[in-house]
Amino acid sequence: MKATIEILTDIRPECDFNASKNFMGDGLLDSFDMITLVAALDKVHGISISGVDIVPENFQNLQTISNLLRQNGVVL
Amino acid sequence: MNLNFRGKRLSGILAVVPANERTFLEEMKNYNFPEARSLKLKEVMGYNKRRMVTHGVCVSDLAVAGMERLFQKNQLGRNEFDAMILVTQSPDHFMPPTSNIIQGRLNLKQDLLCLDINQGCAGYVIGLIQAFMLLDQDSIQKVVLINADVLSRKTSPQDRNSYPLIGDAASITIVERGEKEAVIYADLKMDGTRHAALIIPAGGFRLPSTPDTCILEDAGDNNLRAKDHLRMDGSTVFNFVQAEVPKLIEGLLARAGIPISDVDYYLSHQANRFMIQKLADKLKVPQCKMPNNIVEHFGNSSSVTIPLAITYNLSNHFKNNNSQVCLAGFGAGLTWSAMLMQLGNLDFCEIAECA
């Protein structure tokens, strides 16, 4: 979770990701930020998140991102 | 739609790129995003350099420059081919067909079938399919397939979704009869219900261009574009590609009885680097077999990215060797297409710059 927050904050330093449950809806991330985030998560965790999973529902908040990482074998 | 062809081959490929080169760094200030955020995206997507036509240059200009070069270098005879197909989304005019304009400018014979096809990023495979079908006619011995687009002219410089990606280019592929036993497998699918995902809304008969359609608008994503500009719903297109293209390729290879690992090169349309990396991962194809460097050097030039990938990365290889290749295109329509074939021993395989 900490690594995810660091990546998110690196992408959007001005945003508080702990305070939102809907990153896309609250304007913290757009679809291109989502791609930047996936590339960083892939690199940090040594995984390749499937392209079909790169949808807003999986990047709504810290919990959904953690769920996606667990599906990809990341132990959090 | 499953299609098989026998006794056809590609004998030469020339890519034509404008000399004018632009960089993402010099254009970044045009976008309504913090530079640091754009720079992160640059690394992931492969935004770097791209080729753009200068003011007023059209598809027929790129095509004529390439064809004249082939004639001058004796790589193609002026009256040696019987059909000329042009695949483009940016014709010189609505009327007449741009392929006829090219025929006229090159003083080609009248006994020539000229055909425009309005297709985008899936258009290389679709153009080849059309060329192969024409070669089933006794009177057609050789087909020239031209792929060309100048879509930078229809993209808003303040649209970070599209403008940093778009490149202009043309390619000329010579298609002729080959060994009778050689089978080429193709598959293509179309879904017009999703046509709005890649569209230039105004300028046609549905919504003619007016002073209003030139007005820049923010669709809520901090990008400014007019109805006269190209619009790409990036998320929809990305998800469409990841969901549909691997299935199409896997089905094509299964039908041909070829394991994924037996294909020497996967030459995919290159919309952006990230998309191609994800496709390679999904198919479990090593990235060395699926080049992804065309956007960073030339930009996304619609149906020309596949021939550009061939000529830029594998020119010597394909002049001297024969390899099993899988081509895959996807884009406007929505349309997605794939082809499995032997490619190689080409008479020419090169890139030319034009002014």
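Bear in mind these aren't lab numbers, they're just calculated from the coordinates by the rules spelled out. The shown structure was predicted, so the numbers you read here are calculated from the model rather than taken from an experiment. Ideal geometry is used to build each Cβ from the backbone, glycine not excepted, and the neighbour counts take in all protein chains shown.
Key figures
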quantity: Residues in region B:332-354 that a label on B:Ser323 would reach, taking backbone N under 18 Å of a point 7 Å out along Cα→Cβ; calculated: B:339-351
quantity: Listed peptides B:174-182, B:311-319 by packing density, highest first (mean Cβ within 10 Å); calculated: B:311-319, B:174-182
quantity: For B:Gln141, residues with placed amide H under 5 Å, excluding near neighbours; calculated: B:Asp82
quantity: Helix A:31-45 vs. chain A, principal-axis angle (Cα, 0 to 90°, nearest 10); calculated: 40 degrees
quantity: Other protein chain Cβ atoms within 10 Å, averaged over every residue that makes up B:40-47; calculated: 4
quantity: Cα centroid separation - region B:56-77 against region B:11-27, whole Å; calculated: 16 Å
quantity: Positive-end residue of B:Ile260, B:Phe238, B:Leu279, charge dipole of the protein assembly as shown with Cβ unit charges; calculated: B:Ile260
quantity: Space enclosed by the convex hull of the alpha-carbon atoms of chain B, per residue, Å³; calculated: 130 Å³
quantity: Convex hull volume per residue for region A:2-71, taking Cα atoms only, in Å³; calculated: 79 Å³
quantity: Relative contact order of chain B, pairs being alpha-carbon contacts under 8 Å that are 6 or more residues apart, as %; calculated: 28 percent
quantity: Three semi-axes of the equivalent ellipsoid, region B:110-155, Cα gyration tensor, whole Å, largest first; calculated: 25, 12, 7
quantity: Fewest-first sequence of A:Asp30, B:Asp191 by Cβ atoms within 10 Å of each Cβ; calculated: B:Asp191, A:Asp30
quantity: Neighbour-count ranking [beta-carbon atoms within 10 angstrom, fewest first] of A:Asp26, B:Asp111; calculated: B:Asp111, A:Asp26
quantity: Cα coordinate range in region B:199-272, projected on the principal axes (Å, largest first); calculated: 55, 29, 18
quantity: Which of A:Val52, B:Val125 has the fewest Cβ neighbours within 10 Å, and the rest in rising order; calculated: A:Val52, B:Val125
quantity: A:Glu14 paired with A:Val55, simple spin-label distance in nm, labels 7 Å along Cα-to-beta-carbon; calculated: 3.1 nm
quantity: Per-selection metrics, the protein assembly as shown (Cα): Rg and Dmax in Å; calculated: 22.0, 71
quantity: Local electrostatic count, A:Gly51, Cβ distance below 15 Å [Lys/Arg +1, Asp/Glu -1]; calculated: -1
quantity: Trypsin sites (Lys or Arg not before Pro) lying in DSSP loop within region B:183-245, provided at most 10 other Cβ fall within 10 Å; calculated: B:Arg206
quantity: Volume in Å³ per residue [convex hull over Cα atoms, computed for region B:140-243]; calculated: 166 Å³
quantity: Packing-based order for B:207-220, B:53-66, using average beta carbon neighbours within 10 Å, highest first; calculated: B:53-66, B:207-220
quantity: Cα-Cα over 31 Å, subset of A:Lys2/B:Lys40; B:Lys42/B:Lys227; B:Lys109/B:Lys189; B:Lys49/B:Lys289; B:Lys180/B:Lys247; calculated: B:Lys109/B:Lys189
quantity: Per-residue [θ]222 nm for chain B (sum of -39500 (n - 2.57) over DSSP H runs n ≥ 4, rounded to 500); calculated: -8500 deg cm²/dmol
quantity: Extension reserve of the B:His55-B:Asp262 stretch, reckoned as 0.36 nm per residue once the Cα distance is removed; calculated: 70.0 nm
quantity: 5 angstrom amide H check on B:Ala352, placed H, neighbours 5+ away; calculated: B:Ala15, B:Val16, B:Val17
quantity: Label-point separation in nm, B:Leu216 to B:Glu21, each point 7 Å along Cα→Cβ; calculated: 2.7 nm
quantity: FRET efficiency estimate (nearest 0.05) - Cβ-Cβ, B:Glu35 to B:Ser209, R0 35 angstrom; calculated: 0.60
quantity: Relative contact order %, chain A, counting alpha carbon pairs below 8 Å whose residues are six or more apart; calculated: 33 percent
quantity: On Cα atoms only, tilt of A:62-71 relative to the major axis of chain A in degrees; calculated: 10 degrees
